Amino acid sequence: MPSAPQTASAPAQHGLAEHSHGGWATRPVQSRAERFASSHREDFPRVTGLEPEWRLTPVRELGALLDGALDGGRYDVEAESGLASVTWIPRDDARIGSAGLAEDRAAANAWESVEGALLLSVPEGAETELVVRRAAFGPEPRAAHTVVEARAGSRSTIVLESTGAAQLAENVEILVREGAQLTLVSVQEWDEDARHLASHFARLERDAVLRHIVVSLGGRIVRVNPSAELAGEGSDVEMLGVYFSLDGQHLEHRTYVHHAAAHTRSRVTYKGALQGAGARSVWVGDVLIGPDASGTDSYEQNRNLVLTEGARADSVPNLEIETGDIVGAGHASATGRFDDEQLFYLQSRGIREPDARRLVVLGFLGEIVQRIGRPELERHLHARIARALGDPEAQAPAAGEAS
Amino acid sequence: MSELQIRDLRVSIATDQGTKDILKGVDLTVRSGETHAIMGPNGSGKSTLAYTIAGHPRYTVEGGSITLDGEDVLAMSVDARARAGIFLAMQYPVEIPGVTVTNFLRTAKTAIDGAAPSIRGWRKTVAESMAALRMDASFAERNVNEGFSGGEKKRHEIVQLELLKPKFAVLDETDSGLDVDALKIVSEGVNRVKADTGLGILLITHYTRILRYIRPDFVHVFVDGHVAEEGGPELADRLEDEGYDRYVSGTASVG
Ligand SMILES: Nc1ncnc2c1ncn2[C@@H]1O[C@H](COP(=O)(O)OP(=O)(O)O)[C@@H](O)[C@H]1O
Ligand SMILES: [Mg+2]
């Protein structure tokens, strides 16, 4: 594991061959911190698909979200809330823009298109859960902005479930105030032809803890870019992600952790499976350990299981270290094909081939799913993955019955 | 009473240098309740025989037959062979990340029996079998073979043997890599299963050591892909003294 100050990028294996991070292709990159940000679409040039942040994305199918007019009005949400409030706030609310700013053209397009934002707010010191269901975006291009605020000392779990038709560009700001502990789960179970570009900006104050979990299953193109700025000393982020890409799906996640303050910790673990020759996934994981982030402890990993010849998983960890005084910083990236020896072993115990395959894939992805901590949602996701793997016994609950 | 019959079995594998013949006409008959030791030097084809019986896709059957009570085993898929009653304890058991031992054992038992075992009785049965093989209860929640030591993997194989109750078990070098204590525990396990179910055993080994704990009824000396000599347990004693030199001198394929 590299632990000396350096800037490095390991473009990982694509496709079938086994890879575990080796072959460092060291190249100077622009520091992640210097990336341009703006709330205006036209401050960003038109996207050609050659840009590093877009080159692995099917941008030709995203014209409406990158360049077109977006409907930024209110949409229907269904919420099961305890102590947390769910309200609409106007554009000029001070919280908007306080966790981050759009770093790409689609995010900026969404930013300037919205009339206001949906605020999910957990009161100071409260312990509560909140489920927000979004199922009514419809097929027309839309923009959305959400602000999640976990006030000081609160402990909460917030689940954001997205289903139905969508062509959506959105920004989600996540404010984790001093000492707050927030688990935010974002579940993408869109309809087959949906397109979704999301940027999440989390900002953690002193001693704040965020568990950020992304589950991407449904949708033609889903790109979720979660970032977390560890702004307060002692703050801690865990980013978990799980995705299952089927033929014709492109599921992309670009994670970014910025250790800005001292004694901060981050763990990023994304796991994905791909099935079908046209299945695609992308994971790019940036970690920046800034000059003031002494005592940082950071580790990121991405693992992919390729079930079908022709499916392609891109996996690129990037680590930038600007201080010498860290506890640890490491990464791992591996893309492996389905292991025939595992299949043989299970079959030699009487387990039929399709069941054996399911067992291996569910085991692989289940390591993330079981960490969500909401049994009903976990069961729902488990059944959904099992169904995608052709399990005739996994029943199909209607959309929105997840929790 | 069941019978596993192997006739004139010839098997090759594809290598980078082309097709390589490994089994060159193997004849063997194992009946319920019998223990057959297959002994031979490294590279003589013992694992090839074991994997071919279990149906590993790497091995190509060039000729001959394997039947179980007259049924054509070679025509069956790997899982169908297991459900027909054939079990292979592997020389190198495979690690399966993310799949717990508990889940694996229940899934296998359900597949073999055609119905899920009753939950409470099954848990007790598993716990007893693991205890008998000195596997700590915590192994139940660990991933299959992941991070197990060599000896723990072998004991886990015998737990499976005990739980799945096959008609025939092929034990491929179950003794290798075990210290004396572990060897005794594993051997006791095999003997217990035999006493309970009366299965037939094909005990593949390089050393005679395990035969002190599991007494064979028949010994077959395996050299260069075929059975070079057969006899009773006394043949094992002679091998203990003389080694395999007598059989392999002059052949180039000593492993
Ligand atoms: N995958 C393989 N590729 C090349 N040669 C192999 C392979 N598997 C087995 N062999 C060769 O086949 C012969 C028999 O191997 P094996 O059945 O493993 O013997 P044993 O179990 O008696 O040690 C050996 O010469 C071995 O090198
Ligand atoms: Mg062998």
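Coordinate-derived values only; no laboratory data. Model, not experiment: these values are computed from the prediction. Note that each Cβ is placed from the backbone with ideal geometry, even for glycine, and that neighbours are counted across all protein chains shown.
Summary table
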| item | result |
| --- | --- |
| Global size of the range B:1-142 as Cα Rg and Dmax, reported in angstrom | 17.7, 53 |
| Percent of Cα-Cα distances greater than 36 Å, calculated over the range A:38-337 | 11 |
| Chain B - Rg and Dmax from Cα coordinates, angstrom | 18.0, 59 |
| GNM flexibility winner over chain B from B:ASP136, B:ASP172, B:ASP241 (Cα, springs under 10 Å) | B:ASP241 |
| Lys, Arg +1 and Asp, Glu -1 on Cβ, resulting dipole of the range B:3-248 about Cα centre, debye, nearest 20 | 900 |
| Three semi-axes of the equivalent ellipsoid, the range A:286-337, Cα gyration tensor, whole Å, largest first | 31, 9, 5 |
| Within straight-line cross-link reach of B:LYS165, lysines at Cα separation under 28 Å, skipping those fewer than 8 residues along the same chain | B:LYS46, B:LYS109, B:LYS124, B:LYS153, B:LYS154, B:LYS184, B:LYS194 |
| For the range B:77-92, 3J(HN,Hα) per residue [Karplus equation, 6.51 cos²θ - 1.76 cosθ + 1.60, θ = phi - 60°, Hz, x = Gly/Pro] | 5, 4, 5, 5, 4, 5, 5, 6, x, 9, 10, 10, 8, 7, 5, 10 |
| 5 angstrom amide H check on A:ALA273, placed H, neighbours 5+ away | A:TYR243, A:PHE244, A:SER245, A:LEU305 |
| At R0 = 35 Å, FRET efficiency that the Cβ-Cβ distance of A:ASP292 and A:ASP93 yields, to 0.05 | 0.75 |
| Spin-label pair B:ASP27/B:LYS124, simplified geometry with 7 Å Cα→Cβ offset, distance in nm | 4.9 |
| Computed label-point distance, nm, for sites B:ASP179 and A:GLN30 using a 7 Å Cα→Cβ extension | 6.1 |
| Positive-end residue of B:PHE148, B:VAL186, B:SER176, charge dipole of the range B:3-248 with Cβ unit charges | B:PHE148 |
| Neighbour-limited loop hits for trypsin sites (Lys or Arg not before Pro), the range B:24-75 (at most 15 other Cβ within 10 Å; DSSP other than H, G, I, E, B) | B:ARG58 |
| Residues A:VAL214, A:VAL176, sorted so that the one with the fewest Cβ neighbours within 10 Å comes first | A:VAL214, A:VAL176 |
| Estimated dipole of chain A in Debye, rounded to 20 [Cβ of Lys and Arg +1, of Asp and Glu -1, Cα centre] | 600 |
| 5 angstrom amide H check on A:HIS212, placed H, neighbours 5+ away | A:LEU184, A:GLU238, A:MET239, A:LEU240 |
| Among A:SER333, A:TRP190, A:GLN347 the positive-end extreme of the charge dipole of chain A (Cβ point charges) | A:GLN347 |
| Radius of gyration and maximum dimension Dmax of the protein assembly as shown, Cα, Å | 29.5, 93 |
| Packing-based exposure ordering (other Cβ within 10 Å, fewest first) of A:PHE36, A:PHE338 | A:PHE36, A:PHE338 |
| Most mobile of B:PRO233, B:PRO57, B:PRO216 in a GNM of chain B (Cα contacts under 10 Å) | B:PRO57 |
| Chain A, relative contact order in percent, only Cα pairs under 8 angstrom and at least six apart counted | 14 |
| Alpha-carbon centroid distance for the pair the range A:140-216 / the range B:122-142, whole angstrom | 42 |
| Candidates B:GLU162, B:GLU34, B:GLU242: whichever shows maximal mean-square fluctuation once chain B is modelled as a Gaussian network with Cα springs under 10 Å | B:GLU242 |
| Cβ-Cβ FRET estimate between B:ASP245 and B:ARG209, R0 fixed at 25 Å, reported to 0.05 | 0.85 |
